[in-house]
Every structure is written in C-alpha cells, then in structure tokens.
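What follows draws every value from the coordinates through simple rules; no lab data is involved. Small disclaimer: the values here were computed from a predicted structure and weren't measured. All Cβ positions, even for glycine, are placed from backbone atoms using ideal geometry, and neighbour counts span all protein chains on display.
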Amino acid sequence: MTTSKLLTGASLSRMFLSAPDVGQLEREYLLRAFDEGWIAPVGPDLNAFESEIAAMIGWPGAVALSSGTAALHLALLEVGVKPVDDVFASTFTFAATANAITYCGATPVFVDSESSTWNMSPELLDAALADAAQRGRLPAAVVVVDLYGQCADYEALVPICRQYEVPLVEDSAEALGATRNGQPAGTFGDVGLFSFNGNKIMTTSGGGMFVSPTIEMAQRARYLATQARQPAVHYEHTDIGFNYRLSNLLAAVGRAQLARLPDMSKRRVAINEIYRQAFSDLDGVEFMPIADDGWNGWLTCVVLRDAATRDRIMAALDEQNIESRPLWKPMHLQPVFRDATAYVDGTSQNLFERGLCLPSGSILSDEDVERVCGLVSRALTAHP
C-alpha cells in the first residue's frame, strides 16, 4: 500500500511534487509502539531511531528532534554561535536555514552558489572569509546546505573553513542517504543535521535529526532539546532549554522509513532518468548537474530557457492538477533579509528565475512521470 492509496477525497486527483511514501511497514511500526503503550514522548523506538541513523552515517552522536530547523538551531548553539555574531550561509536554500541563525540572535551573511553543484561556491566563501578576516570580524560559523539531495564540494569548502578556524555546520536537511566520494552526507562538517519533513525523501510526518562526531555533543543537544532539565527529582534548570524532542510514535514511523530509504532513493533516481531520456532531444532544458554518484534523488530540477517558459510549463501542469515549483528563491532576494550582506555573482538568482522542480516522489508510477513529460514537452515547444 502506498501513500496515494491512503490519501482521501480531492487529494487523490492531485499529483504532488514529493508526496510521502508510506504504507504497511510504517503502519506496523506505528501500531506496535501504540499497542505497547509507548505514547509518551520518549521510548524504545526513539532510542533505536537515533542509533540506526548514527550507524548509517558512521557518527556516534544522533538526537531525534521535532524538525530539521530545531536541529540546525541546536547545531549553531553547539558550535558557539552567540547574539551579535555573524554566520555565513548558503543563499540558495529554504528560509529555515537563515531563520535558525536569527534564533541565536546572530546575523546571516549569504554566499552564492557554484554552477557545478548549485551548492555554496568555494571561491566566493574564500573571498567572503578573507574580507571578514581583514575587517577583524570572522563569522562564528559557516552553514553549507546540501541542495536538492547533493553534497557540496567539501574537498574545497572544508580547508577554507579550517584555514580561518571557523566551524562548518552541514545542513543536510535535503540530503539524507546522499554521499560524496563514498562519505555520507551530514559528516563533512563539525556537526550536521537532517530533516524528516513530509516532503523529504523519508519522513516522520515532521521531524529532524542532529548528528555529531562525539557522544558529548549529542548529550548536550539532547539536554537543550528537553528543556535543559537538571537530574533532580524536582524541576531544576540552570540553562534555557527548548521543547524540541521527537515523539516515540513518530520515531517508529521513521524507523520503517529508514529501512525503506535505499529503495525510495533508487526510485527517485530512476524517475530522474525517465525525465532525462524524455527531454534529451529538446532544446532549452538543463538538469541539475550531478557531480558525484552519491546523489539521493530527492527532487528532479531543471532550468528552462527563460522565466516565461518556466511559468508556461508550471501553468500547463497546474491545469492538470500537477504540482511543480520554482527553485528556491535566494535568501539575499527575500524581503525579510533585504539588508543582509551577500557575496553573490548572480548564479542562484539565475537558477531561481528559470528553474523548476518536477514531481519526483517515489510513489509515482512510470505512467505518472511520462504524463508529466508529455505536458512539459508540449508546453516547451508551444509558441507563447
């Protein structure tokens, strides 16, 4: 049983960009936790979920949380981000990346993408850090986003951060299961994180995971995520904490999803190949470059010849009740961050203005994807 069979009413006719892929296994895990009475926030599935993620990525520290945003917030606190600090971050990303920086009272400074991976440009990061060092105001951290399921160029980015002794936080919200040169996403920086939001490659309905190379960092994150309670019979607090822990019931769903992750990733990569083959003879369609064989397949993203073409394709899909979406609007172009400093060269703005995410969920059939291909092809070749 797949998600499409579990949805009801009007949702059945809608083809979503990245719908959850859940079925009998998730139901079994969830009901087992329910029937055994593990309804309260913590329980054996929560502990097991953390252990299984840690084993998968090869780091000992893992803390399951209510969202990827919560994980990023704690990651920034872990590396010492304080109010009035600057934090450099990828500009081509979802708002949560920048929002978490502001939760710490810090100021985001945005760095543009490179064309080869769409992730943070090492060249621009180097220039930004050199400028900051000259001004005597190095950032407290650099947040690099692994965009659309592909790891950034850490062979270049990590040495730059080490040169300036600035911690690197790896925002792998979109990249669970991805690798670069065989190394798992989430393990290239000083700390990492994943998201299990409903549209991600695997989901716990809502949720995230903080990961770290040491048990001690994970223990500190877990402490802060549980209202910073001291080990006393009464409620004792010496730090400000947060209510960020994932529930045991949702962790049970996550365990089932994690078991199915390789197959779901394989299906998304196969969907991407169908699109590539369908558009191979068409001019004006460029796919996100895949720089390494470790892409997890999360979303198939294309860049069209111009914004008008992109918008025409979106409209054609929407008429058939098929969801598509522009690529991320860069943070330095968002009204809320209009006064932020940004080191940009136009790469992410160009991608946003012409880019489109196509339906990519692992529940889609070949016929579903071929239907999208036909609509895109006709819209692409139509005269405006």
- Message: With +1 on the Cβ of every Lys and Arg and -1 on the Cβ of every Asp and Glu, and nothing else charged, how large is the dipole of the chain about its Cα centre, in debye rounded to the nearest 20?
- Response: 760
- Query: Under a 5 Å amide H to amide H cut-off, with H placed in plane at 1.01 Å, what residues pair with residue 189 once short-range neighbours are removed?
  - Reply: 170
- Task: With θ set to phi - 60°, apply the Karplus curve 6.51 cos²θ - 1.76 cosθ + 1.60 along region 143-157 and write out the HN-Hα couplings as whole Hz, x wherever there is a Gly or Pro.
- Result: 9, 9, 9, 8, 6, 6, x, 10, 5, 6, 7, 6, 4, 9, 6
- Which cross-chain or sequence-distant (5 or more) residues have an amide H under 5 Å from the amide H of residue 61, H modelled 1.01 Å from N in plane? 212, 214
- Task: Report, in deg cm²/dmol and to the nearest 500, the calculated mean residue ellipticity at 222 nm for the chain, where each DSSP H run with n ≥ 4 adds -39500 (n - 2.57) and the sum is divided by the residue count.
- Result: -12500 deg cm²/dmol
- Item | region 261-381, relative contact order [Cα under 8 Å, separation at least 6], % | 36
- Task: Taking Rg and Dmax of the Cα atoms in Å as the quantity of interest, determine which of (1) 21.0, 79; (2) 21.0, 73; (3) 22.6, 77 was computed from the displayed structure.
- Result: (2)
- Message: Positive end of the dipole of the chain, charges at C-beta (+1 Lys, Arg; -1 Asp, Glu), about the Cα centre: which of 252, 58, 219 has its Cα farthest in that direction?
- Response: 252
- Message: Just want the answer: with Cβ charges of +1 for Lys and Arg and -1 for Asp and Glu, which residue in 343, 269, 280 is farthest toward the dipole's positive end in region 261-381?
- Response: 343
- Query: So what's the gap between the Cα centers of region 314-347 and region 102-149, to the nearest angstrom?
  - Reply: 19
- Query: residue 104: net charge of surrounding residues, Cβ under 12 Å, Lys/Arg +1, Asp/Glu -1, itself excluded?
  - Reply: -2
- Message: Give me 200, 82, 329 sorted ascending by neighbouring Cβ count inside 10 Å, so fewest comes first.
- Response: 82, 329, 200
- For the chain, the charge dipole (Cβ of Lys, Arg +1; Cβ of Asp, Glu -1; about the Cα centre) points to a positive end, and the Cα of 320, 76, 334 closest to that extreme belongs to 320
- Query: Of all DSSP beta bridges located in the chain, what percent are antiparallel, nearest 5?
  - Reply: 55
- Task: For residue 295, enumerate residues with amide H under 5 Å from its amide H, sequence gap 5+ or separate chain, H modeled in the peptide plane.
- Result: 179
- Cβ-placed point charges (K, R +1; D, E -1), dipole of region 261-381 about Cα centre in debye, nearest 20: 240
- May I ask you to evaluate 6.51 cos²θ - 1.76 cosθ + 1.60, the Karplus curve with θ = phi - 60°, for each residue of region 352-357 and list the ³J(HN,Hα) values in order in whole Hz, giving x for glycine and proline? 4, 5, 10, x, 8, 9
- Note on the structure: In whole Hz, the Karplus estimates of ³J(HN,Hα) for region 265-278 (6.51, -1.76, 1.60; θ = phi - 60°; x where Gly or Pro) are 5, 4, 5, 5, 5, 5, 4, 4, 5, 4, 4, 4, 5, 5
- Computed over the Cα atoms of region 261-381, what is the convex hull's projected area averaged over all directions, in nm²? 8.9
